[in-house]
């Protein structure tokens, strides 16, 4: 897989770069966080940990509220003939109540979600008026004297079984939408039975459900839930689109969640990492609570930067190191800003492209990127353009999986092959970044021709936006990501034409050594820099300095404590670091003596193999000076 991708792609990290937990070791697994609930000498109870697929990233803490609707179980006794009219009246009233709720919900969401997403609710209103649906339910009541709840369950279930047998994704989504409508009608029937008194359900909760549905995202007063966890479901339903638009932390496909989570259990939903913690100890809760801030509020309080994050990033002998956040979703940007990181050094833009069979609309991209810019609070933002290969199987980008995806149409190759995707993304970035110091990074560049073509397209899209009299960010620095061997050989020419350079050290080492970094048998290859890779980095540093270009480095390899002295010694002083690893990274930087590191780096780069270099850098093991 290419570079350091977003949450759905992050095979190299082993898990998405998610919401950080400052008091836990940066490399700890979720069940290994330290401290204790009662005795400081014991580990705390982390709670049961369940995992799922991320639909919408974010963090939510609170009590669990279960809504396990099984329409097949709505079957009830038949009603006497003299109650048939009553059932029909109940049906009509519930349809009217449901329609008014959806119209109210649409008005509440105006301006908060893209218009294309809000129009999903029009489909639900249409089903509430659908003559076939209404007639089928009424016929079951009239002809078979079936109780209303049972009739709705049967009609929706029949549609669901038929639609799910077909290959057409649109028809399958129609079945899901009709099921949502059926659940909404049943919810209103339950309210009528229970009466208008206070409900036993909590007012704020993390929803635990079997499937993801729009109706369960909101209570009957249209107040949305804090987070959503479902046992079934996928990433492409209309409900998933709403979860992302509303920024409701959501994960799906959590096996056994209905068996493991009881009503009222305290849960921590870390949807950046796809984790649900059930009944963790107070100390584990405390690790997350500062991260939460004011989730769900229209405006977030500015959280005070912790003392450890206020330290200047300087080596022992005073060499300044610049740090930018490396992020793949909005919560990571917010966390980096909260820790006082001066820039979003790398924002990976893959997330919105991974969740549907159609490319995201310009409005959806603009809204997402504008949220990133807003969360950065005036700091510079570097957006890396879409960077996926054909193994991800995005149908509108790749017609089929290539024989060797890592050497095929990926990064800028794929975008130039599908220029409409590139143009839409560039327009969205420009529109979303008004007033921001904007940087655009081009991934997987081979030569200056690709850089020049992107600049041409960017000029053309600016011209189109001016013609349309739209407000946008007119200036943007355009840089390249160095990761192919060709880009290293041509780094001097690229440095002359690019505004800045970035090194994707994971990919660079993979391609220079012709080694698959996802192979478990070869994983040790990436633990320590190879001396020949180090020589390449020295050439890159020299080229950047000659042209006065900023030079950033990112990737897991760049953050390994064994490699950090070598990189600083090579002259790399600008790093993109995930907020979750910032504390450990600062500790390591402050323990390095840069002049000594430079001497050792020059010696290490002359090594003929990794074994020779290992003895030279042993004094810097774990990132600390001897």
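The values are calculated or read from the model by the stated rules, or taken from the named source; none is laboratory data. Treat the numbers as computed from the prediction; the structure is a model and nothing was measured. Every residue, glycine as well, gets a Cβ built from its backbone with ideal geometry; the counts of neighbours run over all protein chains shown.
Tally the residues that are in a loop (DSSP other than H, G, I, E, B) and free of Cβ contacts under 8 Å to residues at least 60 places away in the same chain, restricting the search to segment 551-579.
Step one: of segment 551-579, the residues in a loop (DSSP other than H, G, I, E, B) are 555, 560-563, 570-573, 578.
Filter again for free of Cβ contacts under 8 Å to residues at least 60 places away in the same chain, leaving 560, 563, 570-571.
Of the residues in segment 551-579, 4 are in a loop (DSSP other than H, G, I, E, B) and free of Cβ contacts under 8 Å to residues at least 60 places away in the same chain.
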Of all residues making up segment 323-332, the number that are touching a helix residue (DSSP H, G or I) at 6+ places or on another chain (Cβ under 6 Å) and either over 21 Å from residue 555 (Cβ atoms) or modelled with pLDDT of 90 or more (or both): 3
Considering residues of segment 557-584 that are in contact with a helix residue (DSSP H, G or I) (Cβ under 7 Å, 6 or more places away or on another chain) and surrounded by fewer than 22 Cβ atoms within 10 Å (Cβ to Cβ) only, the residue farthest from residue 530 (Cα to Cα): 583
Lone unmet requirement of (1) over 19 Å from residue 453 (Cα atoms); (2) part of a strand (DSSP E or B) for residue 537: (2)
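To keep it simple, each residue is scored yes or no on (1) outside the structural domain of residue 576 (by TED's automatic domain parsing); (2) touching a residue at least 24 places away in the same chain (Cβ under 8 Å); (3) touching a helix residue (DSSP H, G or I) at 6+ places or on another chain (Cβ under 6 Å); (4) part of a helix (DSSP H, G or I).
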{"site": "396", "(1), (2), (3), (4)": "no, yes, no, no"}
{"site": "409", "(1), (2), (3), (4)": "no, no, yes, no"}
{"site": "413", "(1), (2), (3), (4)": "no, yes, no, yes"}
{"site": "454", "(1), (2), (3), (4)": "no, yes, no, yes"}
{"site": "481", "(1), (2), (3), (4)": "no, yes, no, no"}
Residue match in segment 499-509 (condition: in the same structural domain as residue 325 (by TED's automatic domain parsing), over 26 Å from the mean Cα position of the chain (by Cα) and part of a helix (DSSP H, G or I)): no
Qualifying position, being farther than 22 Å from residue 245 by Cβ and surrounded by 18 or more Cβ atoms within 10 Å (Cβ to Cβ), among 140, 109: 140
Breaking point among (1) in contact with a helix residue (DSSP H, G or I) (Cβ under 9 Å, 6 or more places away or on another chain); (2) in a helix (DSSP H, G or I); (3) at pLDDT below 80; (4) surrounded by fewer than 19 Cβ atoms within 10 Å (Cβ to Cβ), for residue 25: (2)
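Restricting to segment 589-598, count the residues that are touching a helix residue (DSSP H, G or I) at 6+ places or on another chain (Cβ under 9 Å) and either outside any helix (DSSP H, G or I) or surrounded by fewer than 21 Cβ atoms within 10 Å (Cβ to Cβ) (or both).
So the count comes out to 6.
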Selection status of residue 430, touching a helix residue (DSSP H, G or I) at 6+ places or on another chain (Cβ under 7 Å) and buried (at least 20 other Cβ atoms within 10 Å of the Cβ): yes
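Between 391, 420, which is in the same structural domain as residue 461 (by TED's automatic domain parsing), surrounded by fewer than 21 Cβ atoms within 10 Å (Cβ to Cβ), in a helix (DSSP H, G or I) and modelled with pLDDT of 95 or more? Explain how you work it out, then say what you get.
Working: 391 fails: modelled with pLDDT of 95 or more.
The match here is 420.
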Failed criterion for residue 353 (all others in (1) touching a residue at least 60 places away in the same chain (Cβ under 8 Å); (2) closer than 26 Å to residue 506 by Cα hold): (1)
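Would you confirm whether any residue within segment 436-447 is more than 25 Å from the chain's Cα centre (by Cα), in contact (Cβ under 8 Å) with a residue 12 or more places away in the chain and in a loop (DSSP other than H, G, I, E, B)?
Here is the first cut: in segment 436-447, the residues more than 25 Å from the chain's Cα centre (by Cα) are 446-447.
Remaining after also requiring in contact (Cβ under 8 Å) with a residue 12 or more places away in the chain: 446-447.
Now narrow it down to the ones that are in a loop (DSSP other than H, G, I, E, B): 446-447.
Yes, that holds for at least one residue.
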Spans of strands (runs of 3 or more DSSP E) in segment 44-105 with at least 1 residues modelled with pLDDT of 80 or more and closer than 30 Å to residue 146 by Cα: 59-67
Among residues of segment 330-371, those that are under 22 Å from residue 312 (Cβ atoms) and under 16 Å from the mean Cα position of the chain (by Cα), counted: 4
Subset of segment 546-556 that is in contact with a strand residue (DSSP E or B) (Cβ under 8 Å, 6 or more places away or on another chain) and surrounded by fewer than 24 Cβ atoms within 10 Å (Cβ to Cβ) - its residue that is farthest from residue 375 (Cα to Cα): 549
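Residues in segment 514-534: is at least one in contact with a strand residue (DSSP E or B) (Cβ under 7 Å, 6 or more places away or on another chain), in the same structural domain as residue 411 (by TED's automatic domain parsing) and within 19 Å of residue 552 (Cβ to Cβ)?
Taking segment 514-534 and keeping what is in contact with a strand residue (DSSP E or B) (Cβ under 7 Å, 6 or more places away or on another chain), we get none.
No: zero hits.
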